[in-house]
Amino acid sequence: MATVTYDQATRVYPGSETPAVDRLDIDIEDGEFLVLVGPSGCGKSTSLRMLAGLEDVNEGSIRIGERDVTHLPPKDRDIAMVFQNYALYPHMTVADNMGFALKIAGVPKTEIRQKVEDAAKILDLTEYLGRKPKALSGGQRQRVAMGRAIVREPQVFLMDEPLSNLDAKLRVQTRTQIAGLQRRLGITTVYVTHDQVEALTMGDRVAVLKDGLLQQVDTPRQMYDRPANLFVAGFIGSPAMNLVEVPIADGGVKFGNSVVPVERDALKAASDKGDTTVTVGVRPEHFEVAGGSGLEKESTAGLEVTVNVVEELGADGYVYGTCDIGGEQRDLVVRVPGRDVPEKGSTLNVVPRGGETHVFSTSTGERLSD
Ligand SMILES: Nc1ncnc2c1ncn2[C@@H]1O[C@H](COP(=O)(O)OP(=O)(O)O)[C@@H](O)[C@H]1O
Ligand SMILES: [Mg+2]
């Protein structure tokens, strides 16, 4: 077991001007499950491959425990990697697939057998050890790929979108299995995904990348409750946080017909930059709603939202609507109770719930509220 440290680690691909990964700084704890997440092309795989030794580090360094591994070949790093395309050897049995790396390393046969059987037990694969991959389901194949990594008892697991070949339902089951397995084994894990739900549900902490730059590293709770900037605010959470640019008013911000109170310090920070507006973030579940069919009390407070589409999910409904903000039509998503959804074409008046607004600088995107 070991910690993992990215220390200002940078990768510039030959022929490229801009780094694919730019001065990445993360301290990963011993036994931690860290998820790297971000949109396609943000540098997730490159970061992982730098740790694996499959990609050069041009500046900075990477440590596993106390060892500086920056220039070590992959085989000397004591890591095991599970890829998206975890191609199993089709002509080998599950047991041989799982034990292959150990065989190459010259581990005695009986010892390999023992390790493979132990891993198979953990992964619920015991009865399939004699089968060929083609006689397995997608989920079972994925577990064999995990098994290949487990038998090596590495200090660090690296996983690059290992669930993306599975269908949606299996992906949800498997992510719980992997997270549970990692916790039982206690092996430090760096896991890459572009799926923010996967990141939030699996990670002890989540690191968000954009254009090769680390945006925030935090627990899923903190990431959701206190996104550090507009990018993270819009990326984490589904449906996404509503982000609207609104004028600064006395003691708050002007939100349609209402002045919504926000922290003085946040407003001062904005006006110190010379901004007359801030960008306010409100999650769909953080609006007080009035009006619409079935929903009580008439109100003209806040923003008037015209309902375009209602997505009914049983427990909840999401209203996709438009509203007028400063003369411009803007989209807004509002969560409503599942048994109390408004009609398409009706209007709702919405106001952010007290204490549930996020204030960002319109000019720099950074978080201004506490
Ligand atoms: N072998 C390579 N040579 C040149 N550029 C690359 C190479 N691999 C990736 N890139 C570029 O580096 C950036 C980050 O890529 P990658 O780490 O694969 O992103 P992600 O895994 O987040 O989708 C992208 O702009 C990509 O085009
Ligand atoms: Mg990738």
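The values are calculated or read from the model by the stated rules, or taken from the named source; none is laboratory data. It should be emphasised that the depicted structure is a prediction, and the values quoted were computed from it without experimental measurement. Don't worry about glycine lacking a Cβ; one is built from the backbone with ideal geometry, like all the others, and counts go over all protein chains shown. Side chains are part of the model used for accessible areas, which takes the heavy atoms of the whole protein and leaves out ligands, DNA and RNA. Shrake-Rupley method; radii C 1.70, N 1.55, O 1.52, S 1.80 Å.
Summary table below
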| read-out | value |
| --- | --- |
| Subset of segment 186-210 [of a type in the set (D, E, K, R) and either surrounded by fewer than 16 Cβ atoms within 10 Å (Cβ to Cβ) or assigned to a strand (DSSP E or B) (or both)] | 205, 210 |
| Number of positions in segment 330-370 that are assigned to a loop (DSSP other than H, G, I, E, B), under 27 Å from the mean Cα position of the chain (by Cα) and basic (Lys, Arg) | 1 |
| Scope segment 17-66; condition touching a helix residue (DSSP H, G or I) at 6+ places or on another chain (Cβ under 6 Å) and part of a helix (DSSP H, G or I); matching residues | 52 |
| Selected residue (criterion: most open to solvent (accessible area, probe 1.4 Å)) from residues of segment 245-266 that are in contact with a Gly (Cβ under 8 Å, 6 or more places away or on another chain) and hydrophobic (A, V, I, L, M, F, W, C) | 259 |
| Any hit, segment 74-91, residues being away from ligand 1 (no atom under 16 Å from the Cβ), on the phi > 0 side of the Ramachandran plot and surrounded by 15 or more Cβ atoms within 10 Å (Cβ to Cβ) | yes |
| Which numbered condition residue 183 fails, given (1) open to solvent by less than 40 Å² (accessible area, probe 1.4 Å); (2) under 23 Å from residue 6 (Cα atoms); (3) more than 15 Å from the chain's Cα centre (by Cα); (4) not aromatic (Phe, Trp, Tyr) | (1) |
| Residue pairs meeting the criteria (Cβ under 6 Å; at least 6 apart or on separate chains; first among the charged types (D, E, K, R), in segment 12-27; second assigned to a loop (DSSP other than H, G, I, E, B) and open to solvent by less than 80 Å² (accessible area, probe 1.4 Å)) | 22/212 |
| Members of segment 224-260 that are under 31 Å from the mean Cα position of the chain (by Cα) and part of a strand (DSSP E or B) | 229, 242, 243, 244, 245, 246, 253, 255, 260 |
| Test: residue in segment 30-40 that is under 21 Å from residue 194 (Cβ atoms), open to solvent by 20 Å² or more (accessible area, probe 1.4 Å) and within 16 Å of ligand 2 (Cβ to nearest atom) | yes |
| Residue count, segment 224-240 (criterion: open to solvent by less than 20 Å² (accessible area, probe 1.4 Å) and under 13 Å from residue 38 (Cα atoms)) | 4 |
| Filtered residues of segment 48-73 (kept if among the polar types (S, T, N, Q) and either within 15 Å of residue 157 (Cβ to Cβ) or away from ligand 1 (no atom under 16 Å from the Cβ) (or both)) | 61, 70 |
| Filter pass, residue 306 being modelled with pLDDT of 90 or more, in contact with a helix residue (DSSP H, G or I) (Cβ under 9 Å, 6 or more places away or on another chain) and within 21 Å of residue 257 (Cβ to Cβ) | no |
| Sole residue being crowded, with 20+ Cβ neighbours inside 10 Å and within 16 Å of ligand 2 (Cβ to nearest atom), chosen from 54, 48 | 48 |
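To keep it simple, each residue is scored yes or no on (1) among the small types (Gly, Ala, Ser); (2) within 16 Å of ligand 1 (Cβ to nearest atom); (3) open to solvent by less than 10 Å² (accessible area, probe 1.4 Å); (4) at pLDDT below 95.
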residue: 132; (1), (2), (3), (4): no, no, no, no
residue: 141; (1), (2), (3), (4): no, no, no, yes
residue: 147; (1), (2), (3), (4): yes, no, yes, yes
residue: 150; (1), (2), (3), (4): no, no, no, yes
residue: 153; (1), (2), (3), (4): no, no, no, yes
residue: 163; (1), (2), (3), (4): no, yes, yes, yes
residue: 169; (1), (2), (3), (4): no, no, no, yes
residue: 172; (1), (2), (3), (4): no, no, no, yes
residue: 177; (1), (2), (3), (4): no, no, no, yes
